[in-house]
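What follows is a single structure, written as structure tokens, with notes after it.
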Amino acid sequence: MKKSLLALAALAAAGAASAQSSVTLYGIADISGGYKEVNVDGAKTKTTGANVGNLSGSRIGFKGAEDLGNGLKAVFNYEFGIDSAHGNWTSATNLNNEGSSSTSTREAFVGLEGNFGQVRVGTTDTPVRNLAIAGTADGYSDFDTTTLRAVQRASGVHYFGNFSGVGIQAFAGYSKSETGSVTSDDYKGYGLGLSYANGPLLVGAAVQQFKQSANAPTNSSKKTEAVVGGAYDFGTAKVFANYVYGKVGVDGNFNTAYAGAFDKVQELNLGVTVPYGAASFVAEYGRNRYNLAGTNEKFSGNDFMIGANYAFSKRTDVYVRAAQLNDLKNGDDKNWTRVYAAGIRHKF
């Protein structure tokens, strides 16, 4: 009898312990087929076939929390990029790649959460990236007109807080180099983002700066990036807007589609989503102005994207997109990327 009581007590204790902690497996599988044409000063390349992670980067993730008592929790989140067409882990050289991304560039942190907010130690999205996404209709997809994608994620100490609708994000840490060829702390940085959300309204601003350290090939490059953006949901339609600004030294390169380094980048993006039953329609327009580093050359252009989604359920939808991106012109120099795609996305 005593043994039975002891066994029941042990099971009850184990049940209580498991009730205080949780682990969630989640992921996204996104595959599309389409056509892509890239023009660089009149030289065109065309590709067709299957793509992965166009609308949402394909991934598998684990996240969880443990109740430590007194309102304190331990939290963690780790994501791994996957090639959803072939089942392989994907790889990349730096923290700034999107799409399917790599096993080392997505969420990777452990932290503490309480009434004070959340402190993360590891790798997560920067304040500028998060505010840019908040003001973007297509969520920073491969079709999105917000083509300034400099430092998207940073490793270090991050703080997230929300107090009566006022959101705060701050970090201090580093980003890997554009090439990934030097040590992981060659770009040290810090950033701050502030936002306000109330019902259908969301507005915010963020700024961050990264500077090369002495162990990089040169120490002359400094990246300053800022964004102002937001969204308003009218019910029948949701509108988005963001203005992105970047300034970089001679060794930086905001847009890796171009070999030259731009010392100043300005982008204005406007977007809208319109739900209609199980379907939704999306459109975006972007205006680009880039200054080429060390010269008086100025590039400008217009990006656009239109598309639609149809949701079979909350987790599965199909989509079509047509977009012109990275549009920059200066006299006879003309650059653009045109993408047409149809795909399916499943979230689990």
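The values are calculated or read from the model by the stated rules, or taken from the named source; none is laboratory data. Owing to the predicted nature of the structure, the values given are computational and were not obtained by experimental measurement. Methodologically, a virtual Cβ is constructed for each residue, glycine included, from the backbone with ideal geometry; neighbour enumeration extends over all protein chains shown. Surface areas here come from the heavy atoms of the whole protein model, side chains and all, with no ligands, DNA or RNA. Shrake-Rupley method; radii C 1.70, N 1.55, O 1.52, S 1.80 Å.
What the table below lists for this structure:
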| quantity | calculated |
| --- | --- |
| Members of the range 169-204 found to be at pLDDT below 60 and surrounded by fewer than 20 Cβ atoms within 10 Å (Cβ to Cβ), listed by number | THR179, GLY180, SER181, VAL182, THR183, SER184, ASP185 |
| Neighbours by Cβ (under 6 Å, 6+ apart or cross-chain): first from the range 52-71, touching a residue at least 40 places away in the same chain (Cβ under 8 Å); second of a type in the set (A, V, I, L, M, F, W, C) and assigned to a loop (DSSP other than H, G, I, E, B) | VAL52/ALA85 |
| Tally, over the range 52-84, of residues that are within 15 Å of GLU107 (Cβ to Cβ) and assigned to a strand (DSSP E or B) | 15 |
| Of all residues making up the range 225-251, the number that are modelled with pLDDT of 90 or more and either part of a strand (DSSP E or B) or among the basic types (Lys, Arg) (or both) | 17 |
| Sole residue being open to solvent by less than 80 Å² (accessible area, probe 1.4 Å) and among the aromatic types (Phe, Trp, Tyr), chosen from PHE62, PHE76 | PHE76 |
| Qualifying residues in the range 18-38 (those that are surrounded by 11 or more Cβ atoms within 10 Å (Cβ to Cβ) and at pLDDT below 90) - the one nearest to ASP142 (Cα to Cα) | SER21 |
| In the range 276-324, the residues that are among the small types (Gly, Ala, Ser), open to solvent by less than 20 Å² (accessible area, probe 1.4 Å) and within 13 Å of THR146 (Cα to Cα) | GLY286, GLY301, ALA323 |
| Filter result (modelled with pLDDT of 90 or more and buried (at least 24 other Cβ atoms within 10 Å of the Cβ)) within the range 144-156 | ASP144, THR145 |
| Single match in LEU11, LEU95, LEU55 (criterion: of a type in the set (A, V, I, L, M, F, W, C), farther than 22 Å from PHE160 by Cα and at pLDDT below 90) | LEU11 |
| Test: LEU270 is farther than 21 Å from GLU37 by Cα, touching a Phe, Trp or Tyr at 6+ places or on another chain (Cβ under 9 Å), assigned to a strand (DSSP E or B) and not small (Gly, Ala, Ser) | yes |
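Okay, residues lined up against (1) more than 17 Å from the chain's Cα centre (by Cα); (2) modelled with pLDDT of 95 or more; (3) within 30 Å of ARG287 (Cβ to Cβ):
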| position | (1), (2), (3) |
| --- | --- |
| ASN88 | yes, no, no |
| SER102 | no, no, no |
| GLY111 | yes, yes, no |
| GLN118 | yes, yes, no |
